[in-house]
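Heads up: the structure comes next, in structure tokens.
We did not get these values from a lab; they are worked out from the coordinates using the rules stated. It should be emphasised that the depicted structure is a prediction, and the values quoted were computed from it without experimental measurement. Quick reminder, even Gly has a Cβ in these numbers, built from the backbone with ideal geometry, and neighbours come from all protein chains shown.
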Amino acid sequence: MNFLNTALNIFQKSARLAGIAALVSISSFQPVLAQVEGAEEHEIVTRSPEEVYSSLRLFGEVFDRIREEYVDAPDEKALIQAAIEGMLTSLDPHSEYLTPRTRDVVMQQTSGEFGGLGIELTMQEGVVKIIAPIPDTPAERAGLMADDFIIKLDGKAVLGQGMDATINQMRGNVGDPITVTVVRQGVADPFDVVLERDRIPLRAVRWVLEDGVGIMRLDTFSEQAFPGIKDAIADIIEEGNGELPKGFILDLRNNGGGLVDQAVFIADAFLARGAILLTRGRTEAESARYDARADDLDRQIADVPLVVLINGGSASASEILAGALQDQKRATLIGTRSFGKGSVQLIISLGIDGAMKLTTSRYYTPSNRSIQASGIQPDIKIEQDVPEEFQGADEIVGEAALDGQIGGGSQDEATSGSSTYVPTDRSLDTQLNYAIDLILGKETHPMYPPDPNS
């Protein structure tokens, strides 16, 4: 029994560490934006048509020799795909070839929907446990319940394979069946439930009203991001019996980014005027300016204080939003330095062969600041108390540490780590607690003078 407990503890610790790594690395796989005036121009080497054709002939010669003389007959399509992958990955850390399957996964992430079962999960002693079925999903309709344990999927044991692998196994094409083996308290034996995967909307925003402060957690910039924030603001006001909250907290920690237009829409919800985002690429089409427009929502909440939480895992679209609100003096940023991804990727369809993700521009904040490889510094730096088992593993340098990053930032590149740790225990979340106290006047900052009535 002692050996089993030790093994389960190791599995739990590994899962937590893997979760941190996944949150850190996700920014490399999100579509984003890029640069503006005053940017350093990078040297462009122009080759003559003759040199280009000579290189293409060299490629053809190497390809033919491999086809004819390699020890085993190679997969010619795989060879060409590998060459394309190499060509794109040689450009920068974010340009890449997407196979048809990978492309579909990326599109699911950005659409905010996927084919699945509709279950919120956690891990308890290495076993997958249901937190709750999502309403009107296959899981709820099949009668799965909170506190059920899942021990097998399609007859294959899931103990020890990790949360990510289990979730990936549950996802699939809409309409495909899956058999889930469940252990339920009060039921003597495990039993099977057959479910048919359906389209599941991802909940991009979670909110709570605490001490009169509306706290909104944005997990990703999918197509559900702006509608989720808009609904959360309305729900927070409704929860307060129609009264505006004392302040809003927008939690972008470990949000690796996503769709740029969603970042622009959310910034616009808090801004009545002024620039939100500037972009510059090689072509005029890739260079643009995005401005805020006054509407009923930003007029309604114009006087409500806003705090944005960021850390080393806040990247790309998160940095666009945080940078716009910081430059326009609409929000106070609290936490640690952000990731520093200041480039935009365009996903270009290649038909049945997948797609390519290509870096097409850099983005600048309203004050003409490129955060490429430098990140956004918070207005108030607050460190978390990191448990001993996570210390060191919780810190990343960010974009500056990636081989081949495109540079061109307005500030010095990051050289030290920024923490990505966020405690699961709400009472231990130093950054969030400080933000609440700041809004309530228990902490002071130039944007939040002490309340004379407190």
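Overview of results
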item	result
Which of TYR290, TYR363 has the fewest Cβ neighbours within 10 Å, and the rest in rising order	TYR290, TYR363
Dipole magnitude (debye, nearest 20) for the range 205-439, charges at Cβ of Lys, Arg, Asp, Glu	900 debye
Candidate lysines - alpha carbon under 16 Å from LYS357, same-chain residues fewer than 8 apart omitted	LYS341
Label-to-label distance, nm, for residues given as GLU388 and ARG57 (7 Å Cα→Cβ offset)	6.7 nm
The chain - Rg and Dmax from Cα coordinates, angstrom	24.3, 85
Within the chain, longest stretch clear of exposed GluC sites (Glu not before Pro) (DSSP loop, no more than 14 other Cβ within 10 Å)	244-382
Neighbour-count order for PHE191, PHE270, fewest beta carbons within 10 angstrom listed first	PHE191, PHE270
Rh by Kirkwood over Cα pairs, then Stokes-Einstein D for the range 112-194 at 0.890 mPa s and 25 °C, µm²/s	191 µm²/s
Likely footprinting exposure, LEU218, LEU297, fewest C-beta neighbours within 10 Å first	LEU297, LEU218
Calculated diffusion of the range 240-353, Stokes-Einstein form, Kirkwood radius summed over Cα pairs, 10 °C and 1.306 mPa s, µm²/s	104 µm²/s
Relative contact order, percent, the chain [alpha-carbon distance under 8 Å, six or more residues apart]	17 percent
Value of [θ]222 nm, deg cm²/dmol, for the chain, DSSP H segments ≥ 4, -39500 (n - 2.57) each, nearest 500	-9500 deg cm²/dmol
Isotropic mean projected area of the C-alpha convex hull, the range 205-439 (nm²)	14.0 nm²
Prolate/oblate/rounded call for the range 44-189, Cα gyration tensor, a/c under 1.5 rounded	prolate
Positive-end residue of ALA331, ILE406, TYR363, charge dipole of the range 308-454 with Cβ unit charges	TYR363
